[in-house]
Each structure stands twice: as structure tokens, then as C-alpha cells.
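Please read the structure below before turning to the comments.
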Amino acid sequence: QVQLAESGGGLVRAGASLRLSCAVFGRTFSDHTIGWCRQVPGKEREVLAALTWITNVPAHANSVRGRFAISRDVAKNTVTLQMHSLKSEDTAIYSCAARHGQVLSSSSDQYSYWGQGTQVTVSS
């Protein structure tokens, strides 16, 4: 079992930066890959970035590459999504998720454990 808890969402202006944090808990969480996803009402959930905990290999979706960056802090058991140059279309509920294994996946269906999500609103 893996538990995840997001923090750091909020309301920002276009062009601003924001950092989301995902605290990861559970005896076997290091066996997992952690991903950051977002969902806009009426649209499919999108996997933005993922990182393998043990090997620390990151991957980013084309839609956010160069603006968003995923990283981990082993001492704090957290995975961070640093977001820059935010746009109004980045407005969504952002969630972190975990899937077993050191396997990067761009499909949200591959993730078994989810946090509650945090709202990010970007005003234009």
C-alpha cells in the first residue's frame, strides 16, 4: 500500500511559477514509480511527468516539457512538480499517483494509488 498527499496548489497569475509537493508514505513506496497528473472537468486525465523512485529517472509529457520539472527528495520522501510560465490552460486539479515497479508510464490507468488532488488555478 502506498499513500500520497499533495500540497502547494493555489491561485496564481499567468506567467507565475508554482511548486507542488507529493508526500509519499508506505512500507514499499520505493518500489514504485511516482507520477504527476492533471484533470480538467470533461477531459481525460493527463500524465504530466513521472519518476522512478529507485533509479531516479524522470520523464515529462511533450505538453509541459521545458516548463515543468519533476524531482524527488529522498530525505523527505516527497516528489515535487516545479511549474514555470504557467498559462490559463494549466488550470486543473493536479494529483500525484503511484504504480508498482520502476516503469515510466504516460497512461493514468497504469497507476494504482492516488492522492486527493490539489487545485491549481491560473488567471489570465
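Could you please tell me which pairs satisfy a Cβ distance under 7 Å, a separation of 6+ or placement on different chains, a first residue in region 1-17 that is closer than 13 Å to HIS84 by Cβ and modelled with pLDDT of 95 or more, and a second residue that is of a type in the set (Gly, Ala, Ser) and not in a strand (DSSP E or B)?
Between residues of region 1-17 that are closer than 13 Å to HIS84 by Cβ and modelled with pLDDT of 95 or more and residues that are of a type in the set (Gly, Ala, Ser) and not in a strand (DSSP E or B), the close pairs are ALA14/SER88; ALA14/SER124; GLY15/SER85.
Filtering region 97-107 down to residues that are among the hydrophobic types (A, V, I, L, M, F, W, C) and open to solvent by 20 Å² or more (accessible area, probe 1.4 Å), which residue is nearest to LEU11 (Cα to Cα)?
My answer is LEU104.
Looking only at region 108-124, count every residue that is open to solvent by 30 Å² or more (accessible area, probe 1.4 Å), in contact with a Lys or Arg (Cβ under 7 Å, 6 or more places away or on another chain) and closer than 23 Å to GLY9 by Cα and tell me the total.
2
The rows are residues; the columns are (1) under 19 Å from SER123 (Cβ atoms); (2) open to solvent by 50 Å² or more (accessible area, probe 1.4 Å); (3) part of a strand (DSSP E or B).
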site: GLN1; (1), (2), (3): no, yes, no
site: LEU4; (1), (2), (3): no, no, yes
site: LYS43; (1), (2), (3): no, yes, no
site: ASN62; (1), (2), (3): no, yes, no
site: ALA75; (1), (2), (3): no, yes, no
site: THR80; (1), (2), (3): no, no, yes
site: SER85; (1), (2), (3): yes, yes, no
site: SER95; (1), (2), (3): no, no, yes
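Give me the pairs: first residue in region 90-108 and within 12 Å of LEU48 (Cα to Cα), second residue open to solvent by less than 40 Å² (accessible area, probe 1.4 Å) and of a type in the set (Asp, Glu), beta-carbon distance under 9 Å, and six or more apart or on different chains, which are they?
TYR94/GLU6; SER95/GLU6; CYS96/GLU6
Assess whether ARG27 counts as being open to solvent by 30 Å² or more (accessible area, probe 1.4 Å) and either part of a loop (DSSP other than H, G, I, E, B) or acidic (Asp, Glu) (or both).
yes
Which is within 17 Å of THR118 (Cβ to Cβ), more than 11 Å from the chain's Cα centre (by Cα) and at pLDDT 95 or above, of VAL40, VAL24?
VAL24
Looking at ASN62, ASN77, can you tell me which residue is free of Cβ contacts under 8 Å to residues at least 40 places away in the same chain and of a type in the set (S, T, N, Q)?
ASN62
Could you grab me the full set of residues in region 6-24 that are in a loop (DSSP other than H, G, I, E, B), open to solvent by 50 Å² or more (accessible area, probe 1.4 Å) and among the hydrophobic types (A, V, I, L, M, F, W, C)?
Across region 6-24, the qualifying residue is only ALA14.
The values are calculated or read from the model by the stated rules, or taken from the named source; none is laboratory data. Nothing here was measured: the structure is a model prediction, and the numbers come from that model. A quick note on method: Cβ atoms are made from the backbone with ideal geometry, for glycine too, and the neighbour counts reach across all protein chains shown. When the accessible area is computed, the model is the full protein with side chains, heavy atoms only, and any ligands, DNA or RNA have been set aside. Shrake-Rupley method; radii C 1.70, N 1.55, O 1.52, S 1.80 Å.
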